[in-house]
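The block underneath contains the structure these notes are about, expressed in structure tokens.
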Amino acid sequence: MTCTQLITVNDDTAPTITCPAAVTVDCASEVPTANIDDVIATDACSGAVTVIHVSDVISGQTCDNKYTITRTYRATDECGNSADC
């Protein structure tokens, strides 16, 4: 007599992502460019995690050198799970 066991592998856990620390600069010319190399992303499963720069959103602008940028990055694992920071 034999029996079988069904094993399902289902990675539905998003990778972890850590964005660069917040910075304050005096002038718009000093705003750092988006850099995916400054983002830390890992996944519980083996395999590559891809990091992209999603967007920069400007808010609270009162002049050319006074505003806030909210910069968003996304990490996506090989199974399509993603996380933003």
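What the chain shows is 77 Å² of accessible area per residue, with the surface traced by a 1.4 Å probe over protein heavy atoms. Rounded to the nearest whole Hz, the Karplus-based 3J(HN,Hα) values (6.51 cos²θ - 1.76 cosθ + 1.60, θ = phi - 60°) of segment 19-26 follow the sequence 7, x, 5, 5, 9, 10, 10, 7, with x at glycine and proline. Isolated cysteines in the chain, defined as those with no second cysteine Cβ under 4.7 Å, comprise CYS3, CYS27, CYS45, CYS63, CYS79. Couplings 3J(HN,Hα) for segment 60-77, derived from phi with the Karplus relation 6.51 cos²θ - 1.76 cosθ + 1.60 (θ = phi - 60°), are x, 6, 10, 6, 4, 10, 8, 6, 10, 10, 9, 9, 10, 10, 10, 10, 10, 8 Hz, where x marks Gly and Pro.
Among the protein heavy atoms of the chain, carbon and sulfur supply 52% of the accessible surface, probe 1.4 Å, non-protein parts ignored. Over all Cα atoms in the chain, the spread is summed up by Rg and Dmax: 19.4, 79 Å.
The values are calculated or read from the model by the stated rules, or taken from the named source; none is laboratory data. Keep in mind it's a predicted model, so treat the numbers as computed, not measured. All Cβ positions, glycine included, derive from the backbone under ideal geometry; neighbour counts span all protein chains shown. Surface accessibility is based on the protein's heavy atoms, side chains included, excluding ligands, DNA and RNA. Shrake-Rupley method; radii C 1.70, N 1.55, O 1.52, S 1.80 Å.
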